[in-house]
1. Run the simple label-point estimate for Ile87 and Leu58 please: 7 Å along Cα→C-beta, distance reported in nm.
2. So which aspartates and glutamates can Lys57 reach, going by Cα to Cα under 19 Å and dropping same-chain residues fewer than 8 places off?
3. Cross-link partners among lysines for Lys52, C-alpha distance below 26 Å, same-chain residues fewer than 8 apart left out?
4. For the ranges 86-92, 139-145, what's the packing order if you count other beta-carbon atoms within 10 Å of each residue, average per peptide, and put the highest first?
5. Could you grab the Rg to Rh ratio for the chain? Cα atoms only, Kirkwood for Rh.
Amino acid sequence: MSIEQDQVVSIHYTLKNDAGEVLDSSAEGEPLTYLHGHGNLITGLERELTGKNPGDKLQVKIPPADGYGEYDKALIQKVPRRALKGIPKITVGMRLQAQTQGGVRAVTVSHVSGDMVTLDGNHPLAGQHLNFEVEVAEVRPATAEELSHGHVHGPGGHHH
Ligand code: ZN
């Protein structure tokens, strides 16, 4: 069975940046299972997986636009430390939920200088090429319930 819209797909994968550092991977021996065609994977990777079969191995290089977006300097803002009251210790690299003009957004503390804190609203992988090595483990049709929820149930999936 090849990968098409509305199928449940299990993949082993490793994600590296252009420097060859491993950024993410499926758990040792345990594939990631997702519902194909529902935006559960980044667009560029889903597109490359379409039509592949169990046992297929592929290497995919995804440009930022099809991954986590281009790095956008407009998403960087400086705020006074007092704007982050309730957070006792602000350290570089800390992830926060911040109120921005565009609503609540996940931001990373990228710099602290005196009383000013720089918040970066870019995804940590924005602007990076994503280099995936993928092996397709399993493909099966989704159940009606999975389709109505838009995600996978059972082993490798989740429920809430
Ligand atoms: Zn569900």
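1. So the two model labels end up 3.8 nm from each other.
2. Reachable aspartates and glutamates: Glu4, Asp24, Glu28, Glu30, Glu46, Glu48, Glu133, Glu135, Glu138.
3. Lys16, Lys61
4. Values: 86-92: 8.6, 139-145: 13.7.
Highest mean packing first, the order is 139-145, 86-92.
5. Values: Rg = 18.9 Å, Rh = 17.8 Å.
Value, to two decimals: 1.06.
Readers should treat all values here as calculations from the given coordinates under stated rules, not as data from a laboratory. Everything quoted here is computed from the prediction, not taken from an experiment. Neighbour counts are summed over all protein chains in view; Cβ atoms, including those assigned to glycine, are modelled from backbone coordinates with ideal geometry.
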